[in-house]
Protein chains: 2
Amino acid sequence: MERLDDPGYITKLDKSKMRMLIGNLPDQFSMASKSFQEAKLNLKARFSSVVVAGMGGSAIGGDLVSAYLSSNLPAPVWVVRNYEVPSFVTRNTLLIAVSYSGNTEETLSAFEDGKRKRARIVCIASGGSLTEIAKSESIPFLTVPRGMPPRCAIGFLSTSILLSIGLAFDVSGLTTELEEVGDVLKKMKNVLEPDNPVKKNPAKKIAGKLAHKLPFVYSSSRMTDPVARRWSTQINENAKSLCHYSSLPELDHNEIVGWGIPREVSYASHVLFLDPGNLSEKLRRRLAVTKEIISQMAEVESLTASGTGNLARLFSLVFLGDYVSFYLAMLNGVDPTPIERIDLLKKRLKEGH
Amino acid sequence: MERLDDPGYITKLDKSKMRMLIGNLPDQFSMASKSFQEAKLNLKARFSSVVVAGMGGSAIGGDLVSAYLSSNLPAPVWVVRNYEVPSFVTRNTLLIAVSYSGNTEETLSAFEDGKRKRARIVCIASGGSLTEIAKSESIPFLTVPRGMPPRCAIGFLSTSILLSIGLAFDVSGLTTELEEVGDVLKKMKNVLEPDNPVKKNPAKKIAGKLAHKLPFVYSSSRMTDPVARRWSTQINENAKSLCHYSSLPELDHNEIVGWGIPREVSYASHVLFLDPGNLSEKLRRRLAVTKEIISQMAEVESLTASGTGNLARLFSLVFLGDYVSFYLAMLNGVDPTPIERIDLLKKRLKEGH
């Protein structure tokens, strides 16, 4: 744990400065809002559904927005992580194709499928084929800053998705909510960044508990479901560790029975419950009882969101998870930025053609 | 492993005869089809969306049907595992409320929420409050046979959901597909049931490989995603073991990087890739390359579906998983039927009121 307070150790291991990229998240929301206003998209229409097509770090923004809007949008926001869009896509669908690089093969394929199905499309990318095709075919597009791993652009991508849907459906209040996200995250940054020592830094403390363990991230509500997924993928990519996530109330119907076997895994786990801080009475009670039961077989703890609005609550938990995954990378002795196995996989996939 | 060929051992441990309930699955599809015809539901309308509300074993049928219909239905099939239905639910939504017991608190709450939002509702249950309310308020309902754990009624529930949606959207060919499911599963049963010894029984062999390991179930396509989830929950409830599931192509963008840490978990894992047997060239290639890469850190194997139609393919993998979870329960020395921890949880939740 003392390594986490050693700037020399961190600087040496974090060669590509992931800590800076994570620390830039608070600024992304206002920057993306500004770009969105400047892009002057015209999306007025009567859409019956929204589909967000993307993969990995480019898809999770769709999940976050879908959860955030799930109780006040008159249409479903469906996230597709595959080569095709569903058969319900028609000219009344708003299809948001998101690929940070602009070159993700699944997303380009889903985008073409959406064109065939005559969806109304918005592309979001930092460049690449997706932007080129959008330009040449006069398809509306939004550009996000280039030069970072896609997972570090979550603020840019989520804001772009949210404001596109907000424009299409005339959702009010988003600007205020987005401003709060920036404010809340800026305050959190002072507490979570590497300069702040372990004893005052919750992200470092949590990483210390996860080290050499299998992390279980449990969402307590629909709202936090995509946050649990984000924690998991950040732990995968930054800390190069396996991670498991699941959701309440569903896990009370099955997964809770699984605790105890395999014995070595149960005892080598650390369970984090994500609490948005504004749960209904029923879900609050479920969280407490579930946590108590699992505590007999594994270490458990709850992490509560900061902020007032739901968007700030969601992203406060995302931000905490990003830092935790960073410190876990440090404790695992790995450079958080390179994802060599994905590069290898892409190379092998190309060889097959 | 020899215990799996010992009828005395199995009979003694499997007190409530889970092996019989699993073995009854092949018959459920035709029985439920017959009941459905007799119920003479009237669901002709122009629906813009379908929402299936349920939990655990009552929800997974919704996922299977949603995946099965994802490339030929003009509306999304959205599965809700929570107390509320999404805000897009209106009088143009077909809401299917599924609770095997008829008394699941989340489902009853979502059902009431759906009524408030004026959805067109069909209830599916074996009795309980849901059936009572449906009767007294003249809401269409389907009854499935009572007296088994909800997870064992997956054929009844899935068929009821599928045929309701099929009727509402005039989907053709479902009867033929359902007949094939029964035929394929009947043939599989001879191979998978306890009488057939380990050396000729793939389910027993797979269970042997999973024993004392953390099972990872990897879906290779949209179609098999809910099957991976089903495997996981059956392993939770029957074998009382933890289990992890995930999906291609998404896991190629994050989880694949996590293999290797924690070291003890990676090496104590067994990875099963579910292959529907009719993958696109791109996904087939992905499966092969992903499997090869992970094989350097864990045991891996592919399991291929049986059958010709997609529905038979899906349920052939479900059926295999049900038997695997049963044999894993035997190897773990646990009675597959009782789920004491869920009973305890429900008791504690009630105490809180």
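Summary of computed values
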| item | result |
| --- | --- |
| First in region A:223-250 and not assigned by TED's automatic domain parsing to the domain that holds A:Cys152, second anywhere and among the aromatic types (Phe, Trp, Tyr) and in a loop (DSSP other than H, G, I, E, B), Cβ under 7 Å, 6 or more apart | A:Leu242/B:Trp259 |
| Evaluation of B:Arg284 against (1) under 24 Å from B:Gly208 (Cβ atoms); (2) within 14 Å of chain A (Cβ to nearest Cβ) (one fails), failing number | (1) |
| Which listed residue, of B:Thr290, B:Thr304, is surrounded by 21 or more Cβ atoms within 10 Å (Cβ to Cβ) and farther than 26 Å from A:Glu250 by Cα | B:Thr290 |
| Test: residue in region B:120-143 that is of a type in the set (Asp, Glu), free of Cβ contacts under 8 Å to residues at least 40 places away in the same chain, out of contact with any Cys (no Cβ under 8 Å at 6 or more places or on another chain) and surrounded by fewer than 18 Cβ atoms within 10 Å (Cβ to Cβ) | yes |
| Test set (1) more than 20 Å from the chain's Cα centre (by Cα); (2) in the same structural domain as B:Ile124 (by TED's automatic domain parsing); (3) of a type in the set (Gly, Ala, Ser) - B:Gly8 fails condition number | (2) |
| B:Gly57 being assigned to a helix (DSSP H, G or I), within 14 Å of chain A (Cβ to nearest Cβ), in contact (Cβ under 8 Å) with a residue 12 or more places away in the chain and farther than 28 Å from A:Asn72 by Cα | yes |
| Close pairs (8 angstrom Cβ cut-off, 6 or more residues apart or separate chains): facing chain A (nearest Cβ under 9 Å) in region B:324-353, surrounded by 22 or more Cβ atoms within 10 Å (Cβ to Cβ) and of a type in the set (Lys, Arg) anywhere | B:Asn332/B:Lys240; B:Val334/B:Lys240; B:Leu349/A:Arg286 |
| Tally, over region B:241-251, of residues that are crowded, with 23+ Cβ neighbours inside 10 Å, over 25 Å from A:His212 (Cβ atoms) and facing another protein chain (nearest Cβ under 7 Å) | 1 |
| Qualifying positions in region B:284-310 - part of a helix (DSSP H, G or I) and among the polar types (S, T, N, Q) | B:Thr290, B:Asn310 |
| Single residue of region A:78-92 satisfying the filter (more than 9 Å from chain B (Cβ to nearest Cβ) and hydrophobic (A, V, I, L, M, F, W, C)) that is farthest from A:Glu105 (Cα to Cα) | A:Val89 |
| Failed criterion for A:Gly277 (all others in (1) surrounded by 21 or more Cβ atoms within 10 Å (Cβ to Cβ); (2) more than 7 Å from chain B (Cβ to nearest Cβ); (3) in contact with a helix residue (DSSP H, G or I) (Cβ under 7 Å, 6 or more places away or on another chain) hold) | (1) |
| All positions within region B:287-299 that are among the polar types (S, T, N, Q) and either more than 8 Å from chain A (Cβ to nearest Cβ) or within 18 Å of B:Val227 (Cα to Cα) (or both) | B:Ser295, B:Gln296 |
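The values are calculated or read from the model by the stated rules, or taken from the named source; none is laboratory data. Since we're looking at a predicted model, the values are computed, not measured. Positions of Cβ are generated from backbone atoms using ideal geometry, with glycine treated the same way; all protein chains shown enter the neighbour counts.
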